[in-house]
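See below for the structure under consideration.
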């Protein structure tokens with residue numbers, strides 16, 4: 001009489017079972033092992049290459065949040081990207097919207113961004129804040145607040161009084177994404193400015209990486 | 001004997017019971033090899049490739065000097081590195097890279113003077129080194145030790161010729177005219193940790 005292993009329930013023959021029935025039982029074992037190994041392969045693929053995307057823009061553009069958008073560059077942000085360096089999960093479509101990275105899998109994502117700013121004219125006292133917007137923070141998921149844009153990641157870089165040719169600003173944070181919620185905004189990169197005397201700014205390069213790190217619930 | 005579609009696990013036909021022992025050996029050998037491969041790969045992915053570098057000695061310098069490359073050495077790595085005295089991503093893929101630097105005046109602290117630390121990723125071309133990526137942190141004197149840090153993500157592209165040889169520097173500068181600045185041993189730290197290969201489509 002065929003018995004079954006625990007916990008996976010793989011069948012095996014026991015004493016008294018007919019030898020001629022062995023192929024049938026064997027086939028069941030092979031098929032069940034196949035299914036479990038396939039599932040393990042999926043786990044391996046997931047940990048080896050999680051959903052992640054890296055986008056970048058190397059074409060300089062003028063940024064001024066107080067001016068209306070130009071024809072080609074929305075000076076009000078978020079920044080448009082012009083290259084996809086990697087995208088393991090179809091998270092980026094520059095032709096549809098060059099400003100966003102949209103995860104397709106729920107979870108917590110490590111998001112990092114950077115921007116290079118050509119030396120602003122105002123110099124000392126400038127203050128820039130780089131934002132990565134998008135996703136939802138766990139504590140704000142409710143019907144009242146779902147419609148709100150929630151932005152975080154905040155790094156301030158005061159201008160060095162000594163001469164600088166380029167300012168480098170970066171921001172990093174863990175962000176929550178839930179595919180079951182309506183998408184208000186996907187991941188975007190934007191800049192806040194305190195000293196308007198330094199405007200407009202020339203952004204010489206910017207980029208953003210969004211990488212899945214954990215399932216959404218535990 | 002036939003095999004399953006993807007894992008190629010052997011099983012006998014219904015009228016083929018003469019060589020069961022041999023088939024069983026085939027099945028055990030194949031399953032063992034696949035399980036070994038899976039466990040190895042998953043262990044490697046869970047124990048995320050990571051390397052940490054620090055300055056092993058105190059560093060002290062005046063405001064007139066700028067360190068483009070602080071001397072650091074590896075203090076931890078769970079992957080094989082080509083060099084131990086400067087940081088390199090050991091293989092392609094997405095890397096999270098960051099630094100932390102602590103700067104203290106050895107004497108007079110100049111009010112309002114700046115402290116700056118940066119991280120630069122260099123690549124190579126036929127004409128020399130090029131700056132591939134850079135992040136920095138700037139702070140101003142606040143009465144004592146200033147801590148500076150920044151982190152970023154960088155994709156090492158196996159198909160980009162400028163990425164064939166990469167190294168990472170952390171630099172430091174300050175405007176403390178009243179005295180030199182010291183970075184004590186172990187307080188200039190550079191780290192890099194692996195995020196994934198980036199070349200496989202991941203769907204669940």
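The values are calculated or read from the model by the stated rules, or taken from the named source; none is laboratory data. Because the structure is a prediction, the values reported are computed rather than measured. Cβ coordinates were reconstructed from backbone atoms using ideal geometry, including for glycine residues, and neighbour counts include every protein chain displayed.
List the pairs whose first member sits in the stretch A:39-53 and is more than 7 Å from chain B (Cβ to nearest Cβ) and assigned to a strand (DSSP E or B), whose second member is buried (at least 18 other Cβ atoms within 10 Å of the Cβ) and modelled with pLDDT of 85 or more, and whose Cβ atoms are under 7 Å apart, counting only residues at least 6 apart or on separate chains?
Matching pairs, first to second residue: A:53/A:86; A:53/A:87; A:53/A:91; A:53/A:92; A:53/A:101; A:53/A:210.
Among the residues of the stretch B:132-147, what is the count of those that are more than 10 Å from chain A (Cβ to nearest Cβ), part of a strand (DSSP E or B) and surrounded by fewer than 20 Cβ atoms within 10 Å (Cβ to Cβ)?
The initial filter retains those residues of the stretch B:132-147 that are more than 10 Å from chain A (Cβ to nearest Cβ), namely B:132, B:141-147.
Subset that is part of a strand (DSSP E or B): B:132, B:146-147.
Keeping just the survivors that are surrounded by fewer than 20 Cβ atoms within 10 Å (Cβ to Cβ) gives B:132, B:147.
Within the stretch B:132-147, residues that are more than 10 Å from chain A (Cβ to nearest Cβ), part of a strand (DSSP E or B) and surrounded by fewer than 20 Cβ atoms within 10 Å (Cβ to Cβ) number 2.
Quick one: is residue B:92 surrounded by 14 or more Cβ atoms within 10 Å (Cβ to Cβ), modelled with pLDDT of 90 or more and under 21 Å from residue A:58 (Cβ atoms)?
It is true that residue B:92 is surrounded by 14 or more Cβ atoms within 10 Å (Cβ to Cβ), modelled with pLDDT of 90 or more and under 21 Å from residue A:58 (Cβ atoms).
Output yes when any residue across the stretch A:46-60 is in contact with a helix residue (DSSP H, G or I) (Cβ under 7 Å, 6 or more places away or on another chain), at pLDDT 85 or above and more than 20 Å from residue A:208 (Cα to Cα), and no when none is. Spell out the reasoning first.
Our first condition is that a residue be in contact with a helix residue (DSSP H, G or I) (Cβ under 7 Å, 6 or more places away or on another chain); within the stretch A:46-60, this holds for A:47-48.
Restricting the remaining residues to those that are at pLDDT 85 or above gives none.
No, the conditions are met nowhere in the stretch A:46-60.
Among the numbered conditions (1) exposed (fewer than 14 other Cβ atoms within 10 Å of the Cβ); (2) in contact with a strand residue (DSSP E or B) (Cβ under 8 Å, 6 or more places away or on another chain); (3) more than 30 Å from residue B:198 (Cα to Cα); (4) away from chain A (no Cβ under 11 Å), tell me where residue B:67 comes up short.
(1)
For the stretch A:86-104, indicate whether the set of residues that are modelled with pLDDT under 85 and either assigned to a loop (DSSP other than H, G, I, E, B) or touching a strand residue (DSSP E or B) at 6+ places or on another chain (Cβ under 6 Å) (or both) is non-empty.
Checked against the condition, which is being modelled with pLDDT under 85 and either assigned to a loop (DSSP other than H, G, I, E, B) or touching a strand residue (DSSP E or B) at 6+ places or on another chain (Cβ under 6 Å) (or both), the stretch A:86-104 yields no hits at all.
When the residues of the stretch B:3-18 are narrowed to those that are within 52 Å of the chain's Cα centre (by Cα), farther than 12 Å from residue A:21 by Cα and assigned to a loop (DSSP other than H, G, I, E, B), which ends up farthest from the other protein chains (Cβ to nearest Cβ)? Spell out how you get there, then give the answer.
Within the stretch B:3-18, the subset within 52 Å of the chain's Cα centre (by Cα) is B:3-13.
Going one step further and asking which of them are farther than 12 Å from residue A:21 by Cα, we end up with B:3-11.
Applying the additional criterion that residues be assigned to a loop (DSSP other than H, G, I, E, B) yields B:4-9.
On the way: B:4: 4, B:5: 7, B:6: 6, B:7: 5, B:8: 9, B:9: 4 Å.
Checked the stretch B:3-18; the qualifying residue farthest from the other protein chains (Cβ to nearest Cβ) is B:8.
From the set of residues in the stretch A:6-20 that are touching a residue at least 12 places away in the same chain (Cβ under 8 Å) and exposed (fewer than 14 other Cβ atoms within 10 Å of the Cβ), which is farthest from residue B:20 (Cα to Cα)?
Applying the first criterion (touching a residue at least 12 places away in the same chain (Cβ under 8 Å)) to the stretch A:6-20 yields A:8-14, A:16-17.
Of the ones still in play, those that are also exposed (fewer than 14 other Cβ atoms within 10 Å of the Cβ) are A:8-9, A:14, A:16.
Working: A:8: 23, A:9: 21, A:14: 15, A:16: 17 Å.
My answer is A:8.
Could you go through the stretch B:172-187 and let me know if any residue there is in contact (Cβ under 8 Å) with a residue 12 or more places away in the chain, within 14 Å of another protein chain (Cβ to nearest Cβ) and over 25 Å from residue B:57 (Cβ atoms). So that I can check it myself, show each step before the final result.
Of the stretch B:172-187, the ones in contact (Cβ under 8 Å) with a residue 12 or more places away in the chain are B:172-187.
Subsequent filtering for residues that are within 14 Å of another protein chain (Cβ to nearest Cβ) retains B:172-177.
Then drop every residue that is not over 25 Å from residue B:57 (Cβ atoms), which leaves none.
So far as the stretch B:172-187 goes, no, none of its residues is in contact (Cβ under 8 Å) with a residue 12 or more places away in the chain, within 14 Å of another protein chain (Cβ to nearest Cβ) and over 25 Å from residue B:57 (Cβ atoms).
Within the stretch B:35-42, can one find any residue that is modelled with pLDDT of 85 or more, in a loop (DSSP other than H, G, I, E, B) and surrounded by 12 or more Cβ atoms within 10 Å (Cβ to Cβ)?
No: the stretch B:35-42 contains no residue that is modelled with pLDDT of 85 or more, in a loop (DSSP other than H, G, I, E, B) and surrounded by 12 or more Cβ atoms within 10 Å (Cβ to Cβ).
So which residues in the stretch A:75-96 are touching a residue at least 60 places away in the same chain (Cβ under 8 Å) and either touching a helix residue (DSSP H, G or I) at 6+ places or on another chain (Cβ under 8 Å) or away from chain B (no Cβ under 12 Å) (or both)?
Residues satisfying the conditions are A:75, A:77, A:78, A:79, A:81.
Tell me yes or no: at least one residue of the stretch A:6-26 is at pLDDT 85 or above, part of a strand (DSSP E or B) and closer than 28 Å to residue B:163 by Cβ.
Within the stretch A:6-26, not a single residue is at pLDDT 85 or above, part of a strand (DSSP E or B) and closer than 28 Å to residue B:163 by Cβ.
For the list (1) free of Cβ contacts under 8 Å to residues at least 12 places away in the same chain; (2) not in a loop (DSSP other than H, G, I, E, B), I need the number of the one condition that residue B:123 fails.
So the condition that residue B:123 fails would be (1).
Is the stretch B:21-32 home to any residue that is without any contact (Cβ under 8 Å) to a residue 12 or more places away in the chain and buried (at least 19 other Cβ atoms within 10 Å of the Cβ)?
If we filter the stretch B:21-32 for residues that are without any contact (Cβ under 8 Å) to a residue 12 or more places away in the chain, which is where we start, we get B:21-22, B:24-25, B:28-29, B:32.
Now drop any that are not buried (at least 19 other Cβ atoms within 10 Å of the Cβ), which leaves none.
No.
Give me a count of the residues in the stretch A:193-218 that are assigned to a strand (DSSP E or B) and modelled with pLDDT under 70.
In the first step, residues of the stretch A:193-218 are kept if they are assigned to a strand (DSSP E or B); the result is A:193, A:201-214.
Cutting the leftovers down to modelled with pLDDT under 70 gives us A:193.
So the answer is 1.
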